[in-house]
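Have a look at the structure below, then the notes.
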Amino acid sequence: MRERIPIAGPWITEAEIQAASDAAANGWYERAGFYVQQFEEAFAEYLGIKHAMAVPHCTSAIHLALAGLGLGDGDEVIVPDITWIASAAPTQYVGAVPVFADIDETTWCISADSVRECVTERTKAIIPVGLYGLIPDMDALREVADEHGLRIIEDAAQTIGSSYRGRLAGTFGDVGVFSFHGTKTMTTGEGGMFVTDDTALYERVQVLRDHGRTKTNFRNFYNTEVAFKYRMSSLQAAFGHAQLARIDELVERKRQLFGWYRDRLQDVPGLQLNAEPEGHFSTYWMTTVILDAEYGLTSGDLMTAFSAEAIDVRPFFHPLSALPAYSDAPEAKAAAARNTAAYTLSPRGVNLPSAMSLKEAQVDRVCRLLTQILDRARA
């Protein structure tokens with residue numbers, strides 16, 4: 001049987017293993033909390049930002065951001081229609097309403113023009129998402145936010161190491177949030193990070209993430225409010241710190257993988273690959289292709305064909321407004337009528353294998369099969 005080619009996975013070295021082992025042996029007693037603080041400080045320094053807070057996952061970071069900013073019942077938060085549901089679900093945790101904006105046809109990131117169209121008097125924030133390694137047009141989004149007095153929570157779950165006009169992902173909003181899931185460029189197995197330059201907001205979120213304990217009542221276990229339990233473990237933090245020390249080579253590896261795909265697929269007719277517009281530096285978290293409608297192929301067709309050859313691919317994100325989870329939401333019905341790019345592109349796209357362990361020969365195999373599938377569709 002052929003070796004199966006995985007869709008995603010990390011690059012782990014002895015450095016990460018030793019770091020986690022050290023935390024397991026020594027991350028107790030007087031060193032309790034040391035590894036988390038070390039990771040947070042290193043991450044803030046890497047971004048050039050004041051505060052970083054390690055959390056269990058990116059979903060919790062978004063939840064904390066919304067709660068810390070005081071969003072609640074009836075408030076509206078604009079999110080891209082094309083993203084993982086974790087970008088939108090936390091709005092409902094705080095009682096707010098997600099409003100789904102369309103995406104740009106070239107970058108696949110949230111469209112500033114669509115955001116502007118979605119703003120109402122109830123809109124309080126935007127959650128732009130860096131999709132598949134590319135940061136959105138943050139200048140245009142900042143213009144809309146400033147025009148309407150909106151907060152920006154930058155979802156950089158997929159864009160660690162990416163930059164826009166020389167600034168790193170996660171530094172453009174009132175808050176930046178990251179994911180360290182096992183599929184991401186940098187991982188802690190599962191985990192996330194909340195970052196901000198707003199000291200008052202950071203201190204507020206510190207209380208919210210630890211069941212409502214403040215610095216002054218921390219050792220007394222005296223809770224001032226009902227809050228959340230969103231802390232990262234020492235083992236995860238030590239592992240993440242070792243991964244962060246290798247971030248440049250992790251990013252370069254992702255770009256190398258995309259380069260292999262680009263060299264083999266860039267001249268294939270009717271196929272759109274990840275964009276990297278001027279001023280952008282993408283980490284290409286997931287190499288992605290969208291096919292012209294003339295092929296008559298859906299993402300489901302491609303997944304079936306690839307699976308038959310022991311190759312894992314993922315569908316391009318479904319529009320959130322098309323998911324059963326939002327089937328009864330008026331905002332979803334409005335988005336389905338409005339968001340033509342999201343609904344046009346999504347059914348024809350797949351993420352190709354993007355695991356950090358891929359070899360060039362495996363990329364060859366993926367590209368040969370894709371070309372054969374397209375040749376048969378054209379015949």
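At a glance:
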read-out: Selection within region 138-180 - without any contact (Cβ under 8 Å) to a residue 60 or more places away in the chain and touching a Cys at 6+ places or on another chain (Cβ under 7 Å); value: none
read-out: Residue satisfying condition, being in contact with a Pro (Cβ under 7 Å, 6 or more places away or on another chain) and in contact (Cβ under 8 Å) with a residue 60 or more places away in the chain, within set Tyr295, Tyr230; value: Tyr230
read-out: Odd one out for Val195 among (1) assigned to a loop (DSSP other than H, G, I, E, B); (2) surrounded by 24 or more Cβ atoms within 10 Å (Cβ to Cβ); value: (1)
read-out: Some residue of region 40-56 being buried (at least 24 other Cβ atoms within 10 Å of the Cβ) and either more than 23 Å from Ala200 (Cβ to Cβ) or touching a His at 6+ places or on another chain (Cβ under 8 Å) (or both); value: no
read-out: Subset of region 143-162 (residues that are of a type in the set (Asp, Glu) and either surrounded by fewer than 24 Cβ atoms within 10 Å (Cβ to Cβ) or outside the structural domain of Leu71 (by TED's automatic domain parsing) (or both)); value: Glu143, Asp146, Glu147
read-out: Of residues in region 149-169 being part of a loop (DSSP other than H, G, I, E, B) and either touching a helix residue (DSSP H, G or I) at 6+ places or on another chain (Cβ under 6 Å) or charged (D, E, K, R) (or both), the one farthest from Ile110 (Cα to Cα); value: Gly161
read-out: Strands (runs of 3 or more DSSP E) completely within region 63-132 that count 2 or more residues being over 20 Å from the mean Cα position of the chain (by Cα) and buried (at least 18 other Cβ atoms within 10 Å of the Cβ); value: 123-126
read-out: Candidate set from region 7-34 (those that are within 25 Å of Arg253 (Cβ to Cβ) and hydroxyl-bearing (Ser, Thr, Tyr)); member that is surrounded by the fewest Cβ atoms within 10 Å (Cβ to Cβ); value: Thr13
read-out: Residues satisfying the stated conditions in region 202-245, i.e. β-branched (Val, Ile, Thr) and in a helix (DSSP H, G or I); value: Val205, Val207
read-out: Identity of the residue in region 274-308, touching a Lys or Arg at 6+ places or on another chain (Cβ under 6 Å) and of a type in the set (A, V, I, L, M), that ends up surrounded by the fewest Cβ atoms within 10 Å (Cβ to Cβ); value: Ile290
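The values are calculated or read from the model by the stated rules, or taken from the named source; none is laboratory data. Since the structure is predicted, the reported quantities are computational estimates derived from the model, not experimental observations. As a convention, Cβ positions derive from the backbone with ideal geometry for all residues, glycine included, and neighbour counts pool all protein chains shown.
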